[in-house]
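All remarks here apply to the structure that follows.
The values are calculated or read from the model by the stated rules, or taken from the named source; none is laboratory data. In this text, all values refer to a predicted model and were calculated from it rather than measured experimentally. Cβ coordinates were reconstructed from backbone atoms using ideal geometry, including for glycine residues, and neighbour counts include every protein chain displayed. Side chains are part of the model used for accessible areas, which takes the heavy atoms of the whole protein and leaves out ligands, DNA and RNA. Shrake-Rupley method; radii C 1.70, N 1.55, O 1.52, S 1.80 Å.
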Amino acid sequence: MTNKLIQLMIVGTQKSGTSSLLRYLAQHPDIYTHPQPEMTFFLQDHEYTRGYESAFAKYFSQCPEDKKLIAKNVMVMHSQEIMKRIYDHNPEIHLVVLLREPAARAYSAYWWARRRGWENIKTFEDALAAEEARLKEDWFKWRQCGYLNNSTYYPHVKSLIAQFEEKHVHCILTDELQENPQTVCQKLYKLLNIDADFEPVVEERHNQAAMPRSEKFNFLFTQFLSSRNPLKRAIRKLVPDAAAYKLRKTILNWNDRPFSPPPMNPQTHEQLENYFKPFNQKLAELLGRDFSHWNSDKAAT
């Protein structure tokens, strides 16, 4: 039975550079992380009920004894119940939150949801209008489509600080990661008491924009993967987790084509900027940071 705990976890936010940060950090010789893009143990009830020993075998089975464990799941910070699970796992864990300009993050998340088959509404504006009803219906089902909720950082960050204490919550701007990725990594290495002079290779970007050749195929494939379908359960019993992840990635990537989202409607951008402004101000006061550069008269892309 393992007692090796996760020491650092990237808990948000989606489409803010979290995949790149995880892979940069994981280059350190004293760090080990999961090969999957997300660790869903705390998020998925059926995984969580199996216990951490089962999760360790799935995500960290190849981890040498002397390495520090880090993990990522960009949805967990939006649920207090899930964050309680992480606290119970390790109350001393370091939580990392990447913060991207909220309107741009929401728009990028919409196109990501379209790409992965979670979103079937064909305009960003209509998807925004549907969000409140969707989240009330079933947050877990529609969590990827919480464009406003997932960009409203203040209440979620405030909750993290209240539960884990300020010294364990580390908010980093996406701009900072883009401009000084090695510096960001070295600060986080220091938190883990490992060699902070290590310089990861940071040229590669992860999760760059694309769209499926067939959105219908991705939608049906995603619905199958998220279902409790007996066929899916039978396949998973036969196919090891690592192989299943590679197969899923191969299929989705096969259906991808290069894509650059069109510019956001300027009126929509202005409405979002006005919506997020009071929350950004509260976040600035909470963290003692200046987010005034998030306000502009230009549409996000």
Of these, D30, D45, which one is within 29 Å of E199 (Cα to Cα) and either open to solvent by 40 Å² or more (accessible area, probe 1.4 Å) or touching a residue at least 24 places away in the same chain (Cβ under 8 Å) (or both)? D30
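With respect to R50, determine if the residue is of a type in the set (K, R) and in contact with a helix residue (DSSP H, G or I) (Cβ under 7 Å, 6 or more places away or on another chain).
no
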Please count how many residues of segment 114-131 are open to solvent by 40 Å² or more (accessible area, probe 1.4 Å) and over 10 Å from C145 (Cβ atoms). 5
When restricted to L22, L69, the only residue open to solvent by less than 10 Å² (accessible area, probe 1.4 Å) and either within 27 Å of P262 (Cα to Cα) or not in a helix (DSSP H, G or I) (or both) is L69
Restrict the check to segment 177-187 and report whether at least one residue is over 20 Å from R105 (Cβ atoms), of a type outside the set (D, E, K, R) and touching a helix residue (DSSP H, G or I) at 6+ places or on another chain (Cβ under 7 Å). yes
Which count do you get for residues in segment 143-168 that are buried (at least 16 other Cβ atoms within 10 Å of the Cβ) and farther than 30 Å from A129 by Cα? 4
Hey, does segment 34-41 have a residue that's under 21 Å from L192 (Cα atoms), open to solvent by 60 Å² or more (accessible area, probe 1.4 Å) and in contact with a helix residue (DSSP H, G or I) (Cβ under 7 Å, 6 or more places away or on another chain)? yes
Please specify each residue of segment 1-18 satisfying the condition of being within 20 Å of K67 (Cα to Cα) and modelled with pLDDT of 95 or more. L5, I6, Q7, L8, M9, I10
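Looking for whichever is at pLDDT below 70, among the small types (G, A, S) and either at positive phi or open to solvent by 60 Å² or more (accessible area, probe 1.4 Å) (or both) here; the options are S260, S226, S292. Which one fits?
Details: S260 fails: at pLDDT below 70; S292 fails: at pLDDT below 70.
Just a single option satisfies the conditions, and that option is S226.
Is it the case, given these coordinates, that W111 is aromatic (F, W, Y), surrounded by 18 or more Cβ atoms within 10 Å (Cβ to Cβ) and touching a residue at least 40 places away in the same chain (Cβ under 8 Å)?
Judged against the criteria, W111 is a match.
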Given the residues A300, A242, which is the only one that is at pLDDT below 65 and part of a helix (DSSP H, G or I)? A242
Before we move on, is G12 surrounded by 22 or more Cβ atoms within 10 Å (Cβ to Cβ), closer than 19 Å to E92 by Cα, in contact with a helix residue (DSSP H, G or I) (Cβ under 6 Å, 6 or more places away or on another chain) and not aliphatic (A, V, I, L, M)? yes
Take segment 169-185 and flag every residue that is over 18 Å from the mean Cα position of the chain (by Cα) and either within 25 Å of Y87 (Cβ to Cβ) or open to solvent by less than 70 Å² (accessible area, probe 1.4 Å) (or both). Q182, T183
Please work out which one of (1) touching a Ser or Thr at 6+ places or on another chain (Cβ under 8 Å); (2) open to solvent by 20 Å² or more (accessible area, probe 1.4 Å) is the condition A104 fails and give its number. (2)
